[in-house]
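Just so it is clear, none of the values below were taken in a lab; they were calculated from the coordinates. Fair warning: this is a prediction, and the values are worked out from it, not measured in the lab. Backbone-built Cβ (ideal geometry, glycine too); neighbour counts: all protein chains shown.
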Amino acid sequence: MIGPMKKKVITSVFLTAIIMIILFGVLGFVYISTTSKEMAELKEKKADAKAYVLTRDMLAGNAISSGDIQLVEVRKESAASDSFDEKTAIADLIGRRLKVSAKKNTIVTDSIFYSDEETLEKDTRLQEFNMVTLPSDLDEGDYIDIRIRFQTGEDYAVLTGKRVESFGATGAEGNTIFVRLSEEEIVRMGSAIIESYINKGVNLYANKYVDPAEQLFKSTIVDYVDRYEKAKYETISGEATVNELGETVYSGDTQRERTLQEIAVEIGLSVEETKEIRDALASNDTATLDDYKTRIVVSKDLITATYPVKPEVATLIQRDPNIMEDIQRKYDIAALEAERQALLDTDLTKFDPMTGEEGPYEEHINNLTEKIDKEIETQKTERQEYLLNLLSQVPASTTK
């Protein structure tokens, strides 16, 4: 027989063994679960992705050219959320300027570039247009020229190399686009629109660039070291004086060394980059000097705008900068045209909302569209008379 004490010891050992088995089982389960999760995460991190990287070291302020980036395979964990992958059109990256210096093989992300808002001129504005005939295959981000064609056959470029920033509320199916314009371009476009309103048969239309990277952007190799050495000193002409014999005498020309800020403006680089050239020359840093001697500069190669702004129209716009918005509010022809199109797109097999009867009601639709057509023509005529009256009040001196 087993005594009470011995029985108690055996029971304790048995319970302890069970507890240990349960504990090790739980710990094993947790370990396996954690390890599986970590392995899955590690496998996910190691998965390959594609991203654009720099092909050379670049400095802040440099503009991207087609040769500065290439699409390569990278570890997924290395690609930031704002990196550019194979879905990104290379034309969307060309011409963008770096706001930080970056080494070769750096993954190209949106954060290393200046945004449009940071690089825009102060007078640049986002403008909305709904009176331009657009290509049927136009997409957001495409580049276009806006041209004006007269009944006489004359055809002029009003705006060139403009990026379609976005579409209106109806998207690409509509006729409203947004582009960024300078003050001078706003006046030029306003003049073209007014001319299309007061002259019948005038057409404002957009031409789409097939390959903007090649058609719009020009790459030039610039030797900034040579520019620096030529701009380092400024020649100051001697002053002219009259001696006691009444003769004009010129003192000799002198050389003045420009400041870093002055040299930077002269050669078209930042002060930091200009200082880097100066220091590289002093230390004979051939790698840096070679980079600045063969720097690729990307610029827009635009077709010159040929549309001649009418002086009286320019004066009218100058007097009332909001005249285009006022005209649109006063004669909202675009809204009428949208209403007419909605009627034309109506499913004639549905019930008539006017009578509640089912079946086609083509005659009713036709009557409504005819009324809208008449209203559109009436508003166009009134708009023409209104603008002609305003132009007749512009002083004759501005029309010469």
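Between residue 318 and residue 136, the simple label model (points 7 Å from Cα in the Cβ direction) yields a spacing of 4.4 nm. Fully extending the segment from residue 109 to residue 199, taken as 0.36 nm per residue of separation minus the present Cα-Cα distance, adds 27.6 nm. Just want to confirm a number: the relative contact order over the stretch 120-215, from Cα pairs under 8 angstrom separated by 6+ residues, in percent. This gives 39 percent for the stretch 120-215.
Placing a label point 7 Å from the Cα of residue 89 along the Cα-to-Cβ line, the residues of the stretch 129-144 whose backbone N sits under 18 Å from it are 134-144.
Each Lys and Arg adds +1 at its Cβ and each Asp and Glu adds -1 at its Cβ; summed about the Cα centre, the stretch 48-117 shows a dipole of about 260 debye. The magnitude of the dipole of the stretch 120-215, with charges of +1 and -1 set on the Cβ of Lys/Arg and Asp/Glu and taken from the Cα centre, is near 300 debye. The label point for residue 392 and the one for residue 125, both projected 7 Å from the Cα toward the Cβ, are 2.9 nm apart.
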